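Undergrad: Following this message is one structure expressed as structure tokens.
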Amino acid sequence: MADHDVSEPAEGDALATRLIHHAYRAPADWDAIPPGVFKASTVFFPNVQALRERRWIDKSAYTYGLKGTPTTYTLEARLAELEGAEHVMLLPSGLAAITLVDLALLKAGDEVALPDNVYGPNLALAQHELRGWGIGHQMYDPLDVASLAQALTPATKLVWLEAAGSVTMEFPDLRGLVRCVRERAPQALIAIDHTWGAGLAFKPFDLGNGTGEGQAVDIAVHALTKFPSGGGDVLMGSVACRDRALHERLCWTHSRLGFGVGADDAAAILRGLPTMELRYRTQDQAARRIAAWALTRGEFSRVLHPALPGSPGHEHWAAHCELAAGLLTLEMQPRYGSAQVDAFIDALRLFRIGWSWAGPVSLVAPYEARRMRQLPTPYQGTLVRLCIGLEDVGDLIRDLERALAVLPA
């Protein structure tokens, strides 16, 4: 090798030693489209003083692989740009990100307020682990600011928002909900599950939309498994915020719990980011076409999609967003029993049965609203959520039409 940098020969004559302690270093001016993939548990220090003085919490240096590498720092910086945040940390999944927020901010005697359409595992965490640790929870109707006001107590320390709502796609009055918390429970922090919005549909740290109202959440949680990845092959989550003191509070809990992500997974998310907006817009447009088709079918009593006039919270979506992701939910006519709905889903060929969304393959799954909700629900029929992939829209509609033929007239 002629074109490489070898400073000094490695100490020791044995081959085994020279293979480990070789002096070759990559050229400092290396640059390419993909960021480097840095894998490490141990990180070297040049001297003992550096070992004692390096700080990882502000990302000014590296101390151990679990605290971050150039690969994860790069991803965190790009996600901060996407979210409109100042600080981001990575976690092994979206649910791990939710868990981190709860564990960092709540203690025995506190309460958390959850929307009634909250992501199911978030509710399950409150019902089981948090309850076991003496942390209470209150439910509120996400489309009724007065309902949130009633759920807030002096013990409320955290309020979760979700836009759009999990499965049923309601879009809440985000500004009204934030204003309610600030006025009635100033001691509480506000976190939003921002996976649906993904940093593209709306900006959770600027809900004033440039109007000067200054309304914003404190924390945004993002399941990077979905749109940032786009491949259906990576599990990861993030927690974003703007306040440094809050970030450090979250960071210390993150550190004590030992959360970390692999460099290859971080590199996969970095690879997906450049095409994320293109995929989001493509799946959004496809979902709108399928939603418009579904409105013409008598098998569905309701089509739930925030961009559809008449869908719950459409006016709030219109006030915040132009995009609407690639999800829609079909409420089947109540005359169809669960076995008939299952037969319809089983008859689909392009839509595959499975959880998650935002990958290249369209997905479908059934839900029973009454089993998901704590408060009275307006949904009577079985819900069928469609997660639109990147297939041809005409083919997807024909797949749905063929499958509907199994239902009785």
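The values are calculated or read from the model by the stated rules, or taken from the named source; none is laboratory data. It should be emphasised that the depicted structure is a prediction, and the values quoted were computed from it without experimental measurement. Here the Cβ is made from the backbone with ideal geometry for all residues, glycine too, and neighbour counts use every protein chain on show.
Undergrad: Which of the residues spanning region 332-357 are in contact with a helix residue (DSSP H, G or I) (Cβ under 7 Å, 6 or more places away or on another chain) and part of a loop (DSSP other than H, G, I, E, B)?
TA: Listed by number, the residues that qualify are L348, R349, L350, F351.
Undergrad: Can you tell me which residue among A307, A409, A343 is closer than 24 Å to T282 by Cβ and out of contact with any Gly (no Cβ under 8 Å at 6 or more places or on another chain)?
TA: A307
Undergrad: Turning to a different aspect of this structure: Would it be correct to say that L90 is assigned to a helix (DSSP H, G or I), among the aliphatic types (A, V, I, L, M) and not assigned by TED's automatic domain parsing to the domain that holds P376?
TA: No; evaluated as a whole, the condition is false for this residue.
Undergrad: Right, A188: out of contact with any strand residue (DSSP E or B) (no Cβ under 7 Å at 6 or more places or on another chain), buried (at least 20 other Cβ atoms within 10 Å of the Cβ) and at pLDDT 95 or above or not? Break it down stepwise before answering.
TA: Details: out of contact with any strand residue (DSSP E or B) (no Cβ under 7 Å at 6 or more places or on another chain): no; buried (at least 20 other Cβ atoms within 10 Å of the Cβ): yes; at pLDDT 95 or above: yes.
No: the conditions fail for A188.
Undergrad: Another question, if that's okay. With respect to D58, determine if the residue is outside the structural domain of H222 (by TED's automatic domain parsing) and either crowded, with 22+ Cβ neighbours inside 10 Å or not in a helix (DSSP H, G or I) (or both).
TA: Yes, satisfied.
Undergrad: Between a residue in region 35-48 that is surrounded by fewer than 10 Cβ atoms within 10 Å (Cβ to Cβ) and any residue that is small (G, A, S), which pairs come within a Cβ distance under 6 Å, given they are 6 or more apart or on different chains?
TA: S41/G65
Undergrad: Could you list, in sequence order, the residues of region 358-390 that are farther than 20 Å from P142 by Cβ and either touching a residue at least 60 places away in the same chain (Cβ under 8 Å) or touching a His at 6+ places or on another chain (Cβ under 6 Å) (or both)?
TA: Passing the criteria: A358, G359, P360, V361, G381, L386, C387, I388, G389, L390.
Undergrad: Checking the structure you have, find out if any residue of region 372-391 is surrounded by fewer than 18 Cβ atoms within 10 Å (Cβ to Cβ), assigned by TED's automatic domain parsing to the domain that holds S311, of a type outside the set (A, V, I, L, M, F, W, C) and in contact with a Lys or Arg (Cβ under 7 Å, 6 or more places away or on another chain).
TA: Yes - at least one qualifying residue is present in region 372-391.
Undergrad: Here is a follow-up. Please specify each residue of region 127-146 satisfying the condition of being assigned to a helix (DSSP H, G or I) and free of Cβ contacts under 8 Å to residues at least 24 places away in the same chain.
TA: Hits for region 127-146 are Q127, H128, E129, R131, G132, A146.
Undergrad: Please specify each residue of region 1-19 satisfying the condition of being modelled with pLDDT under 80, among the hydrophobic types (A, V, I, L, M, F, W, C) and either surrounded by fewer than 10 Cβ atoms within 10 Å (Cβ to Cβ) or at positive phi (or both).
TA: M1, A2, L19
Undergrad: Kindly indicate whether T168 is in a helix (DSSP H, G or I), in contact (Cβ under 8 Å) with a residue 24 or more places away in the chain, hydroxyl-bearing (S, T, Y) and assigned by TED's automatic domain parsing to the domain that holds D218.
TA: When the stated conditions are applied, T168 does not pass them.
Undergrad: Quick one: what pairs do we get from region 50-74, first residue under 27 Å from P274 (Cβ atoms), second among the basic types (K, R) and surrounded by 12 or more Cβ atoms within 10 Å (Cβ to Cβ), C-beta under 7 Å, 6+ apart or different chains?
TA: Between residues of region 50-74 that are under 27 Å from P274 (Cβ atoms) and residues that are among the basic types (K, R) and surrounded by 12 or more Cβ atoms within 10 Å (Cβ to Cβ), the close pairs are G68/K59; Y73/K59.
Undergrad: Name the single residue, out of those in region 264-285 being without any contact (Cβ under 8 Å) to a residue 60 or more places away in the chain, touching a Leu at 6+ places or on another chain (Cβ under 9 Å) and under 15 Å from L235 (Cβ atoms), that is surrounded by the most Cβ atoms within 10 Å (Cβ to Cβ).
TA: D265
Undergrad: In region 218-257, how many residues are under 17 Å from the mean Cα position of the chain (by Cα) and either among the polar types (S, T, N, Q) or assigned to a strand (DSSP E or B) (or both)?
TA: Summing the residues that are under 17 Å from the mean Cα position of the chain (by Cα) and either among the polar types (S, T, N, Q) or assigned to a strand (DSSP E or B) (or both) in region 218-257 gives 12.
Undergrad: A further question follows. Answer yes or no as to whether T329 is more than 27 Å from L177 (Cα to Cα), among the polar types (S, T, N, Q) and either outside any strand (DSSP E or B) or at pLDDT 95 or above (or both). If you could, list the steps in order and put the result at the bottom.
TA: Numbers: more than 27 Å from L177 (Cα to Cα): no; among the polar types (S, T, N, Q): yes; either outside any strand (DSSP E or B) or at pLDDT 95 or above (or both): yes.
Taking the combined requirement at face value, the residue does not satisfy it.
Undergrad: Hey, any hits in region 290-307 for a residue that's hydroxyl-bearing (S, T, Y), at pLDDT 95 or above and surrounded by 18 or more Cβ atoms within 10 Å (Cβ to Cβ)?
TA: Scanning region 290-307 turns up no residue that is hydroxyl-bearing (S, T, Y), at pLDDT 95 or above and surrounded by 18 or more Cβ atoms within 10 Å (Cβ to Cβ).
Undergrad: Quick one: in region 61-81, of everything that is of a type outside the set (A, V, I, L, M, F, W, C) and assigned to a loop (DSSP other than H, G, I, E, B), which residue is surrounded by the most Cβ atoms within 10 Å (Cβ to Cβ)?
TA: Ranking the candidates gives G68 first.
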